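See structure below.
The values are calculated or read from the model by the stated rules, or taken from the named source; none is laboratory data. Quick caveat: nothing in here was measured; it's all calculated off a predicted structure. Here the Cβ positions follow ideal geometry from the backbone for every residue, glycine too, while neighbour counts run over all protein chains shown. These area figures cover heavy atoms from the full protein model, side chains too; ligands, DNA and RNA do not enter into them. Shrake-Rupley method; radii C 1.70, N 1.55, O 1.52, S 1.80 Å.
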Amino acid sequence: MITRAILLSAMDELDRRLIAELAKDARQSSAELSRKLGVSETTIRRRIQHLEAQGIITFTAILNPAKLGYSIIAIIALEVELGKIDKISESLAECPNVRYVSLCTGNHDIFIGTWFHSSSELTQFVKDYLANVPGIRKSETFVILDVKKDEVGWLRSLEQSGQGNKKRAA
């Protein structure tokens, strides 16, 4: 089994510099990256393919909720019956307004990140949907007022290391 520590130790300084450049702007061409990093375009393309194959990097479009008409962004913390945690989290993952689902420790069992067009839409989701999901004991809603940093993919590191796959005992 390849662990996160092995993957990171197998990366060299060029991989780290390439990742840093891609994190700044993933739309840079291989030619531009090769100039900045002082290596051939072929090396850049091979390195990117290898980093993708190892699951170290991934490319995706980043949506802007405000530009899509979503004016309410909320994080909802849920306390649930632990025997139903997987069923509840899988059900929540299917909801179109739910953008993120995670199992966690502490006073809450599940956190969900949500987007809504209005506060009334959020209210309807909490009152009409969450209130009727069997096994949800309690919810606590946090409406996001302003985002100061949003580093896309910061939670994916848990998936890659295997930490995100551990199941909780009921």
Cβ-Cβ under 8 Å pairs, at least 6 apart or on other chains, segment 121-133 side surrounded by 10 or more Cβ atoms within 10 Å (Cβ to Cβ), far side of a type in the set (G, A, S): L122/A74; V126/S139; L130/S139; V133/S91
Close pairs (6 angstrom Cβ cut-off, 6 or more residues apart or separate chains): closer than 14 Å to T43 by Cβ and surrounded by 10 or more Cβ atoms within 10 Å (Cβ to Cβ) in segment 6-29, among the hydrophobic types (A, V, I, L, M, F, W, C) and at pLDDT 85 or above anywhere: R17/L37; E21/L33
Segment 70-107, subset under 19 Å from S120 (Cβ atoms), in contact with a Ser or Thr (Cβ under 8 Å, 6 or more places away or on another chain) and touching a residue at least 40 places away in the same chain (Cβ under 8 Å), residue most open to solvent (accessible area, probe 1.4 Å): S71
Hits in segment 97-111 (condition: in contact with an Asp or Glu (Cβ under 9 Å, 6 or more places away or on another chain) and either within 25 Å of S71 (Cα to Cα) or part of a strand (DSSP E or B) (or both)): N97, V101, L103, I110
Residue list for segment 56-69, restricted to those being out of contact with any strand residue (DSSP E or B) (no Cβ under 6 Å at 6 or more places or on another chain), touching a residue at least 12 places away in the same chain (Cβ under 8 Å) and closer than 21 Å to F111 by Cα: I62
Within segment 19-49, tally of residues that are acidic (D, E) and either within 23 Å of the chain's Cα centre (by Cα) or under 16 Å from F59 (Cα atoms) (or both): 2
